[in-house]
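These notes are about the structure you will find just below.
Only the coordinates and a few stated rules stand behind these numbers; no lab work does. Nothing here was measured: the structure is a model prediction, and the numbers come from that model. Here Cβ is always computed from backbone atoms with ideal geometry, including for glycine, and neighbour counts include all displayed protein chains.
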Amino acid sequence: MDLITCFYDALNHLQTRRDLARAFRRVASALRTGGLFLFDVNTEAGFRSLWEHGTDLVETPDFTWIAESEYDSGRKRATARIVGFIRQTDGRYEKFEETLEERLFTEDAIGEAALRSGLQAVAREGWTPFPVEADGDIKALWVLRKPPKT
């Protein structure tokens, strides 16, 4: 591959630095020399502003869900418990429940995992894709490259 992408904080769902390094190694094995890996991750500011003791309600004609989230800054872990209802074709609603767990990976952890996997960090940009009050960018967009073998 010349380009691999992984967005919407999917890598934050990995629970250990080892898992992150394993994912990077697999990406590196699929990339051609010079190929790029683009991904985003939630930042500390993102977890604090979006996950720290929050309750969200989303209502549409086809589904409704309530999410209660929390962020443990000491453990660098976030948890969201979601209960929702999806309208079925017969008009009835089906209930679902889901628990999401995410982890903060620091810039150092990401850089180290990239190097160990044979990828080079080309760029890292902070960004906030939607309006939210935060002490900094809520996401970081990374670009890694598979360098030529030396």
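Here are a few things to note about the model shown:
- FRET efficiency, Asp108 to Val58 (Cβ-Cβ, R0 35 Å, nearest 0.05): 0.50
- Computed P(r) (all Cα pairs; segment 1-133; 10 Å bins; percent): 11, 34, 29, 20, 6, 0
- Take the Cα of Gln88, step 7 Å toward its Cβ, do the same at Ala30, and the gap between the two points is 3.5 nm.
- The modelled label-to-label distance for the pair Glu70/Lys95, using points 7 Å beyond Cα in the direction of Cβ, is 2.2 nm.
- Cβ-based net charge around Asp40, under 9 Å, with every Lys or Arg adding one and every Asp or Glu removing one: 0
- On the principal axes of its alpha carbon atoms, segment 85-147 extends 54, 30, 19 Å, with the longest extent given first.
- Residue order, fewest to most surrounding Cβ atoms within 10 angstrom, among Glu94, Glu133: Glu133, Glu94
- Extending 7 Å from the Cα toward the beta-carbon at both Cys6 and Thr150 defines two label points whose distance is 2.5 nm.
- Fewest neighbouring Cβ atoms within 10 Å first, the residues His53, His13 line up as His53, His13.
- Taking the longest Cα principal axis of the chain as reference, the axis of helix 17-30 is set at about 60 degrees.
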